[in-house]
1. Outside any loop (DSSP other than H, G, I, E, B) and in contact (Cβ under 8 Å) with a residue 24 or more places away in the chain: which single residue out of Ala181, Ala209, Ala201 fits that description?
2. Go through the range 464-550 and tell me which strands (runs of 3 or more DSSP E), entirely inside it, have 3 or more residues that are over 26 Å from Asp160 (Cβ atoms) and in contact with a strand residue (DSSP E or B) (Cβ under 8 Å, 6 or more places away or on another chain).
3. Of the residues in the range 60-115, how many are assigned to a strand (DSSP E or B) and either free of Cβ contacts under 8 Å to residues at least 12 places away in the same chain or within 22 Å of the chain's Cα centre (by Cα) (or both)?
4. Quick one: what pairs do we get from the range 446-473, first residue over 30 Å from Asp423 (Cα atoms), second charged (D, E, K, R) and assigned to a loop (DSSP other than H, G, I, E, B), C-beta under 6 Å, 6+ apart or different chains?
5. Can you tell me which residue is nearest to Ala211 (Cα to Cα) among those in the range 280-312 that are assigned to a strand (DSSP E or B) and of a type in the set (Val, Ile, Thr)?
6. Give the residues of the range 288-339 that are among the acidic types (Asp, Glu), touching a strand residue (DSSP E or B) at 6+ places or on another chain (Cβ under 8 Å) and without any contact (Cβ under 8 Å) to a residue 40 or more places away in the chain, sorted by residue number.
7. Are there any strands (runs of 3 or more DSSP E) wholly within the range 382-449 with 2 or more residues that are more than 30 Å from Phe536 (Cα to Cα) and out of contact with any His (no Cβ under 8 Å at 6 or more places or on another chain), and if so which?
8. Hey, can you tell me all the residues within the range 39-53 that are modelled with pLDDT of 95 or more and either farther than 22 Å from Arg262 by Cβ or in a strand (DSSP E or B) (or both)?
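The values are calculated or read from the model by the stated rules, or taken from the named source; none is laboratory data. Since we're looking at a predicted model, the values are computed, not measured. Neighbour counts run over all protein chains shown; Cβ positions are idealised from the backbone, glycine included.
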Amino acid sequence: MNSSRKSFLLFICLTLSSFVLTVASEYDKEISAKTELQRLIDNHKMRSAVVMTIENDSTEIGIVKLGEISDRRRELPDENSSVFEIGSITKVFTALLVQTLVDDDLLHWDDTISECLPDIEFANETVANVTLRELATHRSGLPRLPNNFAETEVPGNAMDPYATYGEQDLIAFFETFDPPALENEHAYSNLGFALLGYVVAKTLDTSYAEAMNQRVFQPLEMNNSTAIDSVKDDAELAAGYSNTANMGTWNFNVHAGAGVIRSTARDMYKFIRANFLESDDAIHRALRAIRELQYESNQALGWIAETSNRDTTVFWHNGQTGGYASFLAIDPEAKSGWVILTTSTESAAVTRIGSSFYREVVLPSSFDFTPYVGVYKLAENQYMTISNKDDKLQVQVTGQQPIVLAHTKDHVFELQALSLKADFVLGEDGIATTLKWSQPGVSIDAERVDDSFGITTREEVAIDAEIIETYAGEYQLPEGVVATVKHVKDRLFVHVTGQPEFRVFPMSPTRFFYKVLDAEIDFKKDDNGTVTGVVFHQGGEYLAPRITDEE
C-alpha cells in the first residue's frame, strides 16, 4: 500500500470518548443531564438525545429531547416514535428471553451448551460444558469475539462488523476452538450472548427476532421495538452519528443476542415500569428472576448491579454501536428508572451521565497539563500537538484525528487499549523538552518545537447554500478511490470510498475543514466559475478532478 492510499485511510473514524462530565454533589439532575448532553451536541460529538426518567414511582415523567433526527429532518427526536439502536442493552433482553424458556421448562440455566446444541461437534469438552448461566454472567471463559471473526469467507467491514458472520461461521468456531483451559472469571463476552440468542432460536425452531417479539415485546407492549436484523423502513430512525460522521445501522446476523435491538425511549420506559410491578404473570416473573444476583454481588442475569446513594441496588447496562450510545438503569426498590438514547459514539459520557442520576459520579482528579502542552516534532513535516481538552491530555498528529490519553504515573500518559504511550522529559524549569512517544512498532524521541508548527485553529464561517450546492458531485482520488461530495440544505458532506460520510465546515467560500481530523479540502474552479476538482489537504496535497458525465 503506497503513502497516498495510507493517507486517505486516515479518514476512518475512531470512536474514542474525550468527554468529561462536570457534576456537583448537589444539583438538579435533569438540568445537569440536559446541559451535558447539549454540550456534546454543540461540540459535534452527538446529534440527538432522548432522556426519560422516573423517580419514586411518580406519575410525572422527566423527558429531555435534544438535537435533531438527521441532517434532513432537523427536528427534535420524539420519545414515542424515534428509533435508536440500543446496542449491548440487548443483552438484558436476551437474558429475559432465555428466562421465559426456563420458566416454561424448555431450558435450564445450568444446561450446558452441548446439551442445547447437540448437532455441534465441540472440539473441546470444557467448552462444551459451559452453561447458559455462565454465558449470561460473562463467566464462561469464552473470548469477547470468536477467533475466526476476521477470517470468514466474506470478511466484515468496520462500518458493519457483524453483518457477514453467520451460523456456519459460529459452528466452525466451536468445532475448532480448543483452548488449554477456560478461566471461569468475569470477562465480558459478546460471543456469550450471541450464543444465548442462538440457543433460543434453535430451541424454539424460529428466529431470535420472532422469539423476542412474541415472548418479550408483545407482553410488554413494546410495539415500536424490534430485533429484526435490518432496517426495512427507516422513516422513524434517528440517523446514526459519530464525530461529524453519518453512520449506518449495524446488522448482527448470528450475534443478534449481543446487540441487535432497536427501540424508542417510550418503549424503554414501558420496560422500566414493568420492573416495578409485582404481577404474577409470566413476563413479570421473568423480569424479577433475572435480577437475582449470581456469582458476584455486581452481576445478575444480563444486568450489572451496583449500590445507589440511597443504599439500594440499581441494575444497569449501557450500549454502543457504530453510531449510537445508550444507557438504561432501574432501581426496583425505589421504583426509579432512567434511560438515555443518543445518536453518538460517546458511550463513556452517556454512561457517566446516566450513572449520575442515582449515585455521585467520581470525577478525575484535577491535573496541571501546563508542562506538557505544546508541539513536538515526530518526523519531517510531521508534528504532534499536545493540548488540554476538557481536563484530559489530547494528542493530535499532523493530518490525523485527536486522541485522548490517560495519566498513569509521573509524566506518563497512555491509551492502553491501543498501546499508545507518551512519556515526557522535563527541563530544569519544569517544562517538557522531549516527548518519548511509543506505539506498536514505533518509538520516537520527539523534541519540542515552536507552537507555530502545531495544528491550525480553524474558524467556521457562514456561506450561501447556493454556493454549497455547486460542490456536489464525485471526485477521483488515486488508486480508484472516489470522494463523493453531497449537500443537504446548507450542509456539505464528504464520503471517501469505504469510509463514513463526514460533514465538513466552511472556512471560506471554497475551502472547508474537518472538525474530527486535521484535514481540509479546497474546491477549484475554472475561469467560468465551474467546479473542476477538489484538493485534499491532509499531510500533503492530493488533487481529485471532478468526474463528469462523459467520464
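1. The conditions single out Ala209.
2. Working: elements: 473-476, 482-488, 491-496, 501-506, 511-513, 520-525, 531-537, 541-545.
Counting at least 3 such residues, we get 511-513, 520-525, 531-537, 541-545.
3. So the first thing to find is which residues in the range 60-115 are assigned to a strand (DSSP E or B), and the list is 62-67, 83-85, 112.
Now drop any that are not either free of Cβ contacts under 8 Å to residues at least 12 places away in the same chain or within 22 Å of the chain's Cα centre (by Cα) (or both), which leaves 64-67, 83-85.
Summing the residues that are assigned to a strand (DSSP E or B) and either free of Cβ contacts under 8 Å to residues at least 12 places away in the same chain or within 22 Å of the chain's Cα centre (by Cα) (or both) in the range 60-115 gives 7.
4. Ala465/Asp490
5. Let us first name the residues in the range 280-312 that are assigned to a strand (DSSP E or B), namely 299, 304-307.
Of the ones still in play, those that are also of a type in the set (Val, Ile, Thr) are 304, 307.
Details: Ile304: 24, Thr307: 33 Å.
So the residue we want is Ile304.
6. So the first thing to find is which residues in the range 288-339 are among the acidic types (Asp, Glu), and the list is 292, 296, 306, 311, 331, 333.
Next, only the ones that are touching a strand residue (DSSP E or B) at 6+ places or on another chain (Cβ under 8 Å) stay: 306, 331, 333.
Within the range 288-339, Asp331, Glu333 meet the criteria.
7. Numbers: elements: 382-389, 392-397, 403-409, 412-415, 420-426, 432-439, 442-449.
Output list reads 403-409, 412-415, 432-439.
8. At the first step, the residues of the range 39-53 found to be modelled with pLDDT of 95 or more are 41, 46-53.
The answer is Met46, Arg47, Ser48, Ala49, Val50, Val51, Met52, Thr53.
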